[in-house]
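The next block holds one structure in the form of structure tokens; read it before the comments.
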Amino acid sequence: MEHFTPLASTLGGIMIGASAALLLFGLGRIAGISGILGGVLVPRAGDKAWRFAFLAGLVVGGAIMGKLRPELFAFGLDRRLLTVAIAGLLVGFGTRMGNGCTSGHGVCGLGRGSLRSFAATLAFMASAALTVFLSQHVFGGAS
Amino acid sequence: MIPSHATLRPGLQLVLAFLAGIVFALGLAIAGMTQPSKVVGFLDVTGAWDPSLAFVMLGAIPVYAGATKLASSRLSPFAGGSFRLPTRRDIEPSVLLGAGIFGVGWGLAGYCPGPGLTSLGVASLPAFIFVVAMALGMLLFEAMKRQQENASRLSSAAARDRRA
């Protein structure tokens, strides 16, 4: 354990929860990032504007934070860009098939006490931990 | 009586969604979620495990749980319209399979959707490649779903024709 950051991570978590609460009270929508992005990619019309506004907020927030604390965005892994592209494909496909990601299932779903989201969260945590085990300890770090 | 579907205020919707996006991004970065090496350290339970990111959920979930309790007594959101919350409760195989596929990608590069998008703000090349590929993965799933729906429509139409 090199950089254990329980306080910063709890504070960040509270902010994520507060943002999701703002979206719930303000717009009546779930702060599921994969669902919000998925909604702007399909040709279906209607309710796209707020999705673009939220996504723009994410990027602007990243830019603000990057000016203040650029080290918070260090990639820090030894990965080929092809591996990163494959990871992106799997994340996009899997989150649409599973109807959610870390935010929609892991925060909003668990916060609502949804058993469906609990099962999904267990599934992605387990497969992610297994993937890390295989890539870090079986196939030796770089991939 | 207050209608449960209040008049929509699109301008307020945009402002609140934009603000929510900024707060979400700041939260992700402060929490450590935008550092793929830290995410992999959290997932590496048999190695040099860094449990920090468990605290992200410990911070976020109670706040959101409180918010859902409060929201359930409100008739409509501030910006109008109505609450549109998930209603499905079934745990069908595709939810578990999809979550499993997502986990493989998350473990490989250490990005989940929010941190990938947020890291576009610092013009990170890995994040850019990740987000483009993620969008393609989503489009691929939608295309496959549409094809499957068309195929099942055709086969049920054929079954109707046979009965007729």
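The values are calculated or read from the model by the stated rules, or taken from the named source; none is laboratory data. Worth saying up front: this structure is predicted, and the values here are computed from it rather than measured. In this analysis, Cβ positions are derived from the backbone assuming ideal geometry, glycine residues included, and neighbour counts consider all displayed protein chains. To get the accessible areas, we keep the full protein, side chains included, count just its heavy atoms, and leave off ligands, DNA and RNA. Shrake-Rupley method; radii C 1.70, N 1.55, O 1.52, S 1.80 Å.
Three principal axis extents, largest first, for the C-alpha atoms of the stretch A:18-143, in Å?
Result, largest extent first: 47, 39, 30 Å.
In square angstrom, what is the accessible area per residue of the protein assembly as shown with a 1.4 angstrom probe?
For the protein assembly as shown, the per-residue accessible area is 46 Å².
If each of B:PHE78 and B:LEU139 carries a label point 7 Å out from its Cα toward its Cβ, how far apart are those two points in nm?
Result: 3.6 nm between the two label points.
What is the P(r) of the stretch B:42-164, as percent of Cα-Cα pairs per 5 Å bin from 0?
With 5 Å bins starting at 0, P(r) equals 2, 7, 9, 12, 15, 16, 15, 10, 6, 4, 3, 1, 0, 0.
For the protein assembly as shown, what is Rg from Cα atoms divided by 2.2 N^0.38 Å, rounded to two decimals?
For the protein assembly as shown, the normalised Cα radius of gyration is 1.00.
Could you tell me which helices of chain A pass both thresholds, a Cα extent of 20 Å or more along their own axis and a mean Kyte-Doolittle hydropathy of at least 1.6, with helices taken as whole DSSP H runs?
A:6-27, A:81-97
What area, in nm² and to one decimal, does the C-alpha convex hull of the stretch A:77-143 cast on average over all directions?
Mean shadow area of the hull around the Cα atoms is 4.7 nm².
Rank by packing, highest mean first: peptides B:52-61, A:71-80, with packing defined as the count of other Cβ atoms within 10 Å averaged across residues.
B:52-61, A:71-80
Which order do B:SER82, B:SER152, A:SER19 take by accessible area at a 1.4 Å probe, largest first?
Per-residue accessible area, sorted high to low, gives B:SER152, B:SER82, A:SER19.
From the helices alone, meaning DSSP H stretches of at least four residues, give me the mean residue ellipticity at 222 nm for the protein assembly as shown, per-run term -39500 (n - 2.57), in deg cm²/dmol to the nearest 500.
About -21500 deg cm²/dmol.
Using each residue's phi in the stretch B:113-127, evaluate 6.51 cos²θ - 1.76 cosθ + 1.60 at θ = phi - 60° and report the 3J(HN,Hα) Karplus result to the nearest Hz, with x for Gly and Pro.
Using θ = phi - 60°, the values come out as x, x, x, x, 5, 4, 6, 4, x, 10, 6, 7, 5, x, 5 Hz.
So, taking all protein chains as they sit and a 1.4 Å probe, how much accessible area belongs to B:TRP49, in Å² rounded to tens?
The accessible area comes out at roughly 100 Å².
Around B:ALA6, which amide H atoms from residues at least 5 apart in sequence, or from another chain, sit under 5 Å from its own amide H, with H modelled in the peptide plane?
Under 5 Å from the amide H of B:ALA6 lie the amide H atoms of B:GLY81, each far enough along the sequence or on another chain.
Taking each residue in B:83-92, count the Cβ atoms of any other chain within 10 Å of its Cβ, then average. What number comes out?
5
Once you mark the trypsin sites (Lys or Arg not before Pro) that are in a DSSP loop and have at most 12 other Cβ atoms within 10 Å, what is the longest gap between them in chain B?
B:1-83
Label points 7 Å out from Cα along the Cβ direction at B:LEU85 and B:ALA54: separation in nm?
Output for this residue pair reads 2.8 nm.
Just to be sure I understand: if you take the accessible area of chain B alone plus chain A alone and subtract the pair, with a 1.4 Å probe, what total do you get in Å², rounded to 100?
9300
Near B:LYS38, which aspartates and glutamates are there with a Cα under 16 Å away, not counting those fewer than 8 places off in the same chain?
Straight-line reach from B:LYS38, under 16 Å: A:GLU2, A:GLU71, A:ASP78, B:ASP50.
Quick check: Cα centre of the stretch B:1-68 to Cα centre of the stretch A:30-104, how many Å?
Distance between centres, Cα-based: 12 Å.
Please report, largest first and rounded to whole Å, the three semi-axes of the ellipsoid equivalent to the stretch B:1-93, where each semi-axis is the square root of five times an eigenvalue of the C-alpha gyration tensor.
For the stretch B:1-93, the semi-axes come out at 34, 18, 12 Å.
Per-residue counts of other Cβ atoms within 10 Å, averaged by peptide: what ranking do you get for A:105-115, A:59-69, highest first?
Result, highest mean first: A:105-115, A:59-69.
Determine, from the Cβ-Cβ distance of B:LEU70 and B:SER152 and an R0 of 41 Å, the FRET efficiency 1/(1 + (r/R0)^6), rounded to the nearest 0.05.
Result of the calculation: an efficiency of 0.50.
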